[in-house]
Amino acid sequence: MRQLQGMDSSFVAMESPNSPMHIGSVLIYNPATAPGGFVRFKDILKFIESRMQLSKTMRQRLVRVPFDLDYPYWIEDPNFDLEYHVRHVALPKPGDWRQLCIQAARVHARPLDLNRPPWEFTVVEGLDNVRDYPPGCFAFVTKVHHAAIDGMSGIDLMEALHTVTPSTAPPNTPDTWKPEKVPGPVELLGKSYFNAILNPLKQAQVAAQAVPGVASAIKGLVAREFKLSTDMVPPRTRFNRTISPHRVVEGVSFPLADMKSIRALLPQAKVNDVAIAIIGGALNKYLTSKGDLPKSTMTAMAPISVRSDGEKGDMGNQVAAMVAPLGTHLADPAERLEYVYSQTSNSKAMTNALGARTMTEVSKVNPLFYMALGAQLFSRISLAHKVAMPFNTVVTNVPGPPIHIYSSGARMESMALSLICLTDGLGLAHVVQSYVDEAYISFTACRDIMPDPEFYSQCLQDSFDELLSAAKAADEPANKAPAKKPAAKKLAAKKPAARKTAARKAPAKARAPAKRKPRSATKKTMTSKPKSKTAGASPKESK
């Protein structure tokens, strides 16, 4: 029995029918590498069952304290049923990409049962015409409650359910898992009373830890290591209002090498800066087509993992956040990338000064009762329509495996989509992910706010194409520059020869005035002409 922390509990408090707080993904597998060249549903069940011991998430459920007077607890579920959590569906003909996205959106829109371990895997068959993947592939549509994992611990869950070879042999270590008794209301209220006494001491301790960060931030602001900018104040957009329970999901994939090559426009930029600039360009195109582009830049909340090596396998969230202006007000791709880089560098400096870990620790002492009450009021009286949000969207970056991995012997071909939770006031969110040599930008949106996800997906593709074209154009002069060096060497070789000739003539020139004045005058005139040419050539070269 282990109690949740503040940030994890906030996702429980914010749970509502319109805002289920889970994240997930759409993973596509090719069964050709599996034994016999195919995978049955019962093979998947057997494979997952043999590896559940490698994940803390899979058999733990939440127990909430009455009236939300304290943070919930994780317990080992005494009624765990694997077949409840792993479902099986098939796409109708023709089994294409759009049908897969619609099915994933429907699965993602349904809330999880928080009286059971908060995760579900839906196996989707019938992917016969999905992009360039071979017929016979199947997909996993995964859902895991955000209280259980963040982006990095989600990768750990992926590792627990995959192997690095097609082998499906179970782990060698024995499964020592034991279920726990569900605690009663009296026991939970007793624990909450004890925690309420200790909470002021915890708050004082966290406040003391925050003082150095605040002092460092003030010092950095005075020293102009970073600055507070109006660009961090988000404009009001169509995405920042009350959402419906309906979802759309879509995304695009790019060669990872092309994403990296875009940095030719700005070598000091990171791949994450490139992704943010792509999203900023897509929003510029999408909102311009709607006649709804704000004059100032839109902003994104970019989560930052503060998970240490020792916390790699722990459940829950260890993240802070920074505000990243997207440059949506700039149509030129190169200008947008430069702007994004300068703004993210400024935000990182500010976050580092405050201390990302300290920001996470502060969230651990917020009383759940007030968080839950605030979340309910925010939703019920539609405050999202009336108050400004601190950011317009979310852009989270989750690195994936750099090598191919396998589940039930089937090779994962693609991490096609990453699904993310939405809340009132936040109707659009993005995930940037990588796998082997591909990069993916996927998004989740409220269907009422974005009824045309295919168009926004095309905007992402067009924004990427523009940045890549600009990077190639910027790289061409650099590639041609070395070809000019030999010519420069020839010119340099001629100059000493010219000086040598002049030196040889110098003695004759010195004797000339004594014997033949007209000839020396003529020679002087001839000598002065090349000098005038050389003097005249210099300004042209400088121009």
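The values are calculated or read from the model by the stated rules, or taken from the named source; none is laboratory data. Owing to the predicted nature of the structure, the values given are computational and were not obtained by experimental measurement. Positions of Cβ are backbone-derived with ideal geometry, glycine not excepted, and every protein chain shown enters the neighbour counts. Calculation scope for accessible area: heavy atoms of the full protein, side chains included, ligands and nucleic acids excluded. Shrake-Rupley method; radii C 1.70, N 1.55, O 1.52, S 1.80 Å.
Some notes on this structure:
- Filtering Thr142, Thr163 for residues that are farther than 16 Å from Val26 by Cβ and among the hydroxyl-bearing types (Ser, Thr, Tyr) leaves a single hit, Thr163.
- When the range 69-79 is filtered for residues that are crowded, with 20+ Cβ neighbours inside 10 Å and of a type in the set (Asp, Glu), only Asp70 remains.
- Residue that is farthest from Asp175 (Cα to Cα) [pool: residues in the range 18-67 that are open to solvent by 60 Å² or more (accessible area, probe 1.4 Å) and assigned to a helix (DSSP H, G or I)]: Phe67
- Among the residues of the range 230-241, those identified as open to solvent by 30 Å² or more (accessible area, probe 1.4 Å) and not in a helix (DSSP H, G or I) are Val233, Arg236, Arg238, Arg241.
Residues checked against (1) among the charged types (D, E, K, R); (2) within 23 Å of the chain's Cα centre (by Cα); (3) in a loop (DSSP other than H, G, I, E, B); (4) crowded, with 21+ Cβ neighbours inside 10 Å:
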residue: Arg411; (1), (2), (3), (4): yes, no, no, no
residue: Cys421; (1), (2), (3), (4): no, yes, yes, yes
residue: His430; (1), (2), (3), (4): no, yes, no, yes
residue: Tyr440; (1), (2), (3), (4): no, yes, no, yes
residue: Gln461; (1), (2), (3), (4): no, yes, no, no
residue: Asp465; (1), (2), (3), (4): yes, yes, no, no
residue: Ala470; (1), (2), (3), (4): no, yes, no, no
residue: Ala473; (1), (2), (3), (4): no, no, no, no
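- Taking the numbered list (1) open to solvent by 60 Å² or more (accessible area, probe 1.4 Å); (2) within 23 Å of Arg40 (Cα to Cα); (3) modelled with pLDDT of 95 or more in turn, Pro111 passes all entries but (2).
- Pairs where the first residue, in the range 189-208, is closer than 15 Å to Leu4 by Cα and in a helix (DSSP H, G or I) and the second is modelled with pLDDT of 80 or more and open to solvent by 60 Å² or more (accessible area, probe 1.4 Å), C-beta under 7 Å, 6+ apart: Ser192/Leu69
Per-residue answers, yes or no, for (1) surrounded by fewer than 18 Cβ atoms within 10 Å (Cβ to Cβ); (2) part of a loop (DSSP other than H, G, I, E, B); (3) modelled with pLDDT of 95 or more:
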{"residue": "His88", "(1), (2), (3)": "yes, no, yes"}
{"residue": "Gln99", "(1), (2), (3)": "no, no, yes"}
{"residue": "Gln103", "(1), (2), (3)": "no, no, yes"}
{"residue": "Val107", "(1), (2), (3)": "no, no, yes"}
{"residue": "Arg116", "(1), (2), (3)": "yes, yes, yes"}
{"residue": "Arg131", "(1), (2), (3)": "yes, yes, no"}
{"residue": "Phe138", "(1), (2), (3)": "no, no, yes"}
{"residue": "Val141", "(1), (2), (3)": "no, no, yes"}
{"residue": "Ser153", "(1), (2), (3)": "no, no, no"}
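- In the range 249-283, the residues that are surrounded by 24 or more Cβ atoms within 10 Å (Cβ to Cβ), within 18 Å of Pro453 (Cα to Cα) and β-branched (Val, Ile, Thr): Val249, Ile278, Ile279
- Among the residues of the range 30-45, at least one is in contact with a His (Cβ under 8 Å, 6 or more places away or on another chain), among the aromatic types (Phe, Trp, Tyr) and closer than 29 Å to Val130 by Cα.
- Filtered by the rule that a residue be among the hydroxyl-bearing types (Ser, Thr, Tyr) and assigned to a strand (DSSP E or B), the range 383-409 gives Thr393, Thr396, Tyr406, Ser407.
- Filtered residue count, the range 63-88, keeping only those that are among the charged types (D, E, K, R) and in contact (Cβ under 8 Å) with a residue 40 or more places away in the chain: 5
- Candidates in the range 376-408 are the residues that are closer than 15 Å to His430 by Cβ and open to solvent by less than 50 Å² (accessible area, probe 1.4 Å); of these, the one that is modelled with the lowest pLDDT is Val398.
- The residue that is farthest from Pro72 (Cα to Cα), among those in the range 271-316 that are in a helix (DSSP H, G or I) and at pLDDT below 90, is Asp309.
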